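Values in this text are rule-based calculations from the coordinates and carry no lab data. Keep in mind that what you see is a predicted model, and the values were worked out from it rather than measured. All Cβ positions, glycine included, derive from the backbone under ideal geometry; neighbour counts span all protein chains shown.
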Amino acid sequence: MFISKGGRLVRRISLSVAAISCILLLAFSSIVVYQNQALSFSLYQMLPALQFSFFIDRLAAFFILIISIISLSVSIYSIGYIEHYSGDTKKNSLVSLMILFMLSMILVVASKTLFSFLFFWEIMALSSFILVMFEYEKKETRKAGIFYFIMTQLSTVFLLLAFIMIYNATGSFDIAKVSDASPFVFLFLFAGFGIKAGIIPFHKWLPYAHPASPSNISALMSGIMIKVAIYGLMRFVLFVLTPELSWGLLIFGAGVISAIFGVIYALKEHDIKRLLAYHSIENIGIILIGFGLYIIFSAYGLTQLALLGIIGALFHTMNHALFKSLLFLTAGSVVNATETKNIEEMGGLIKSMPYTALFFFIGAISISALPPFNGFVSEFMIFQAFLMSWSLASPMLEVLMIVGLTIFALTSALAAACFVKAFGITFLAAPRSEHAKHAKESSFSMLLGPAILAILCVVSGVFSYQIFSLLGYASLVPNLMIISIFLVAVYAFAFVSLRAFASNNTRIGETWGCGILSQNPRMEYTASGFSEPIVTVFKSVYKTKKTNHRTFFDKYQSIFREGAGEIQLFKFFEEYLYMPVARATDYISRRVSCFQRKDLDFYIACSFVTVLVLLLIMGWLA
Amino acid sequence: MIAPALLDNLIKVLINLILATAAIIIVKRDVLSLVSTYSIQSLLLVFVASVLYMENANVMLLYLALLTLVSKAMIIPHFMERIQKKLNIKRDVEFHYLSPTSALFASVFIILVVYFFLFRILGELSLSNVFFLGATVGVSLTFMGMLIIFSRKQTITNIVGYLTMENGVLLFGLFLTELPLIIEALIVIDLIMLTLLATILAFGINSSIEEFHARLNPFKRFAAFKSRLLNNEGEDE
């Protein structure tokens, strides 16, 4: 469309149009969610059996609501953000692909048939792949892009297999109840959606693709694209298949593992976007825990607890979309201002970028699940469901629940620790590099986009009780408004009393200075320093190897000459899961490629042998 | 009217002769006799079709016999001979994957496999003995043609392989599936086009288009050899 022509104005207009349409969608989907009705319409029929038709019920509308909120704020943010890139063609293609990406996600969620689901799923995968490859000049980006492409196509393959099996069972492409599906359908669906959602051990593309892509794209991918996978899983498990207890256990187990490993891996990261990517894995884990609890409790007929689980999972889906996109957008602003992704080289940004810091802070509090923000509400609901699990009949399951609960609690605590690090090292103390020293506050649109999300984070936390009673689930959450009023009152009291009674003598010192005068940035607490104890505690997880070599001047080893120490992190999944598969593929393809010759006779001989063998087999079977 | 049993025996003899010609094509290294063997094979097919006509009195069979006689026993061999003369290839002694002896053993094996296969598939149709034999030899002939194609290096032998394959299809059609005349006619036109094209290519090499040489692998060696000969002559002079 406008890829080669058009300047800033065209991009502004198209992004504004996108934002306006997001607002319209937002209004529409909130009405559907509120009224709990179902809409369906057919758009275009390509072949008799293959048609694009859409169906929106409460679940779909809820996800459309999430997508439109995030798309709205990302569109606004992008108005300012994309101007940092060079080249009109590139910028325009970024805008157009981004809008296509948003649209495809909405249409995936709204799909009524398997065909249109898969079609838009693939559009979503392809457009996001091109967006990840946006800075294709860099070697890392190319690697990330290829990795992402392979994983995402693998996910489509699994989905295709599952869809074919569903089609065989029902004989139609409708997303409708299948009475007796084989368990493989579920496994394929789980693998397909799991890859896209980034469940461990299929998570590896997330920490590659997110840092490589532009920040607004990371926000979209982490905020909503992986949620579309969650939607797919929920839609197919609940509405197409009949969930079984073992499936619930599988989802629950995957959720627990993703949550704990996601946060542990996040702790050691110093690349701010990769850190956020690992947190996406963690939060997907939390969502899956809620969903798994729903299936487990439903299997035992505990509907109230099951409801708590699924509402917790859904609400966490929305919350994670809100605060993760918020964090990615603000991180993008920070990365733009400091021209580095390494948080070790940031610092002190709260002075130069106060609003960005504030929004990041709100996101950090939300993701750390501190009351009264939204992350707290959804995690609290899942915790409640866990704590009530003593009413389960099976003692084995109870033990499992308690193990899950402890891991989940550990996850929350570690997430908080991780964001203390992320916020503290990035924004507090003194700048640790030239770029950080000269960072400037972002432009208006780059503040407005995150601001919307930040406000929603606060609103959906504080007014969660009111929101839920509006939707008809009043008894699930405590009224956080009272708590927040109380909290604000305490803060106000403390502030006023300090203001009134503390001494007014101002003493000017440096942050974290410990009284040392003339301190320099190297003396500050670093990110590595902060996470070192945790890395040591979890060294069996990281498979860290600490080595140091020392040489001495004398033979009694008392006068130190020089030494080198290093900490190596062993990439477990890469070494044991991804690389063997890659090597096997490589091996097979090398073997197969010997069939590829510039020799016609050989091909004829091959087909000759094939036909002969087929004849033999047919003769045998006949 | 000739007794049907005699006719049956006649057909059996003819089919065995066809098989023998195929075997000869597989082992022969002399290009000229390859082409004449092929035309004999086609002639035998003509006889088979005529004998079948005597049994069935189906006019279609007569037409088929006529078509085969004109195209495969006369026109195509004629073109082939012209190519052969023009290119001056007398012998084809290069083999791929299979030597002539092992190719012969392979074709025995093929006949057994095809027999086994057809027996399993067509067993319940309870065909008469002759028809079963005809179908078996027809399919085997197709395979033997394919075997010729990939085991020989000279293009002219490859063409003979294709032609043999088609004869196999015709034989199979005569006995089992009642190949419609129109399809047979189309196949014959294809074959004539194939030989024509081969002829044009062969003549094209003699003309001055040098680029052709690099593209046609089997001819290239020949062309290089020829140019070397020419150069040597030039030096001698």
Report summary line: For the range A:103-203 the trypsin sites (Lys or Arg not before Pro) that pass both the DSSP coil test and the at-most-14 other-Cβ-within-10 Å test are A:LYS138, A:LYS177
Query - Value of Rg to Rh for the range A:572-621 (Rh from inverse mean 1/r over Cα pairs, i.e. Kirkwood) - result: 1.27
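Could you state the orientation-averaged shadow area of the convex hull built on the Cα atoms of the range A:301-492, in nm² to one decimal? Intermediate values should be presented prior to the final figure.
Working: hull surface 49.4 nm².
Convex hull of Cα atoms, orientation-averaged projection: 12.4 nm².
Give me the extension gain from A:ILE31 to A:PHE495: residue separation times 0.36 nm, minus the current Cα-Cα distance, reported in nm with one decimal.
Details: separation 464, 0.36 × 464 = 167.04 nm, distance 4.15 nm.
Taking A:ILE31 through A:PHE495 to full extension adds about 162.9 nm, to one decimal.
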Query raised in the report: Taking Cα centroids, how far is the range B:104-124 from the range A:196-249 in Å?
Result: 55 Å
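With a cut-off of 8 Å between alpha carbons and a minimum separation of six or more residues, what is the relative contact order of chain A in percent?
RCO, chain A: 12 percent.
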Requested in this report: Please list, in chain and number order, the residues 5+ apart from B:ARG152 or on another chain whose amide H is under 5 Å from its amide H, with Hs placed from the backbone.
Outcome: B:HIS96
Requested in this report: Grab every C-alpha pair in the range B:48-197, bin the distances at 10 angstrom width from 0 up to the longest one, and report whole percents.
Outcome: 10, 35, 34, 18, 3, 0
Report task. Identify, among A:LEU476, B:LEU66, A:LEU616, the residue whose Cα sits farthest towards the positive end of the charge dipole of the protein assembly as shown, taking +1 on the Cβ of Lys and Arg and -1 on the Cβ of Asp and Glu, with the dipole about the Cα centre. Result -> A:LEU476
Query raised in the report: Percent of alpha carbon pairs in chain A separated by more than 48 Å?
Result: 18 percent
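Kindly give the semi-axes, whole Å and largest first, of the ellipsoid equivalent to the range A:254-323, taking each as the square root of 5 times a Cα gyration tensor eigenvalue. Write out the running numbers ahead of the final one.
Numbers: eigenvalues 148, 31, 6 Å².
They are 27, 12, 5 Å, listed from largest to smallest.
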**Report entry** Alpha-carbon centroid distance for the pair the range A:355-419 / the range B:1-58, whole angstrom
**Finding:** 87 Å
Query raised in the report: Which of the listed residues, A:PRO533, A:LEU349, A:ALA125, is farthest toward the dipole's positive end in chain A, when Lys, Arg count +1 and Asp, Glu count -1 at the beta-carbon?
Result: A:LEU349
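Taking only DSSP H segments of four or more residues, each worth -39500 (n - 2.57), what value at 222 nm results for the protein assembly as shown once the sum is divided by all its residues, to the nearest 500 deg cm²/dmol?
Numbers: 34 runs with 609 residues, N = 859.
Mean residue ellipticity at 222 nm (helix-derived): -24000 deg cm²/dmol.
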Query raised in the report: Which pairs, out of A:LYS90/A:LYS227; A:LYS227/A:LYS273; A:LYS273/A:LYS421; A:LYS204/A:LYS324; A:LYS91/A:LYS204; A:LYS90/A:LYS138, put more than 22 Å between their alpha-carbon atoms?
Result: A:LYS90/A:LYS227; A:LYS91/A:LYS204
**Report entry** Summed residue charge, Cβ within 13 Å of A:ALA364's Cβ, Lys/Arg positive, Asp/Glu negative
**Finding:** +2
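Compute the relative contact order of the range B:4-206 as a whole-number percentage, counting only Cα pairs closer than 8 Å that sit 6 or more residues apart in sequence. Walk me through the numbers before you get to the answer.
Values: 239 pairs, mean separation 51.6, N = 203.
Here the relative contact order equals 25 percent.
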Query raised in the report: How large is the convex hull of the Cα atoms of the range A:249-404 per residue, expressed in Å³ as a whole number?
Result: 94 Å³
